[in-house]
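Read through the structure below, which is laid out as structure tokens, and then see the notes.
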Amino acid sequence: QVQLVESGGGLVQSGGSLRLSCAASGIVFRLYDMAWYRQAPGKQRELVASITLTGNTNYADSVKGRFTISRDNAKNTVYLQMNSLKPEDTGVYYCKAALGSYGNWGQGTQVTVSS
């Protein structure tokens with residue numbers, strides 16, 4: 001059974017930092033591309049950052065230079081370091097594990113940035 005469990009969300013002031021973690025089980029983690037998405041109230045879910053199984057990364061323009069995605073295959077975990085947070089970064093952050101067209105989602109963790 002595939003499980004993705006996000007943690008690390010919370011309430012932070014504008015300009016602050018948070019580090020999200022997503023622990024995976026039930027998959028051969030090193031074979032999966034991993035990604036973080038977020039969904040703000042009333043908006044569609046959007047891609048924030050992704051990292052391939054070989055370590056190549058990609059970021060949404062809105063977070064470039066502020067967020068860093070990384071993975072630890074030994075711990076079956078993907079991270080999202082978020083710095084210089086802005087109120088518009090507020091939303092539920094979801095972890096996704098993808099293998100070809102097959103994907104699994106975590107339950108999400110709330111990030112709230114106050115101004």
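Data overview
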item: Protection proxy ranking of 43-51, 77-85 - average other beta-carbon atoms within 10 Å, highest first; result: 77-85, 43-51
item: Accessible area per residue in Å² at 1.4 Å probe, computed on the stretch 29-113; result: 52
item: Point-charge dipole on Cβ atoms (K/R +1, D/E -1) for the chain, about Cα centre, debye to 20; result: 80
item: Inverse of mean 1/r across different Cα pairs in the chain, Kirkwood, Å; result: 14.0
item: Kirkwood Rh (inverse of mean 1/r, distinct Cα pairs), the stretch 23-80, angstrom; result: 12.1
item: Other-chain or far-sequence residues with amide H under 5 Å of Thr90's (modelled H); result: Val113
item: Percent accessible area from carbon and sulfur atoms, the chain, protein chains only, probe 1.4 Å; result: 47
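The values are calculated or read from the model by the stated rules, or taken from the named source; none is laboratory data. These figures come from a predicted structure and were not determined experimentally. We place every Cβ from the backbone using ideal geometry, glycine too, and count neighbours over all the protein chains shown. Remember, those area values only see protein heavy atoms, side chains included, never the ligands or the DNA or RNA. Shrake-Rupley method; radii C 1.70, N 1.55, O 1.52, S 1.80 Å.
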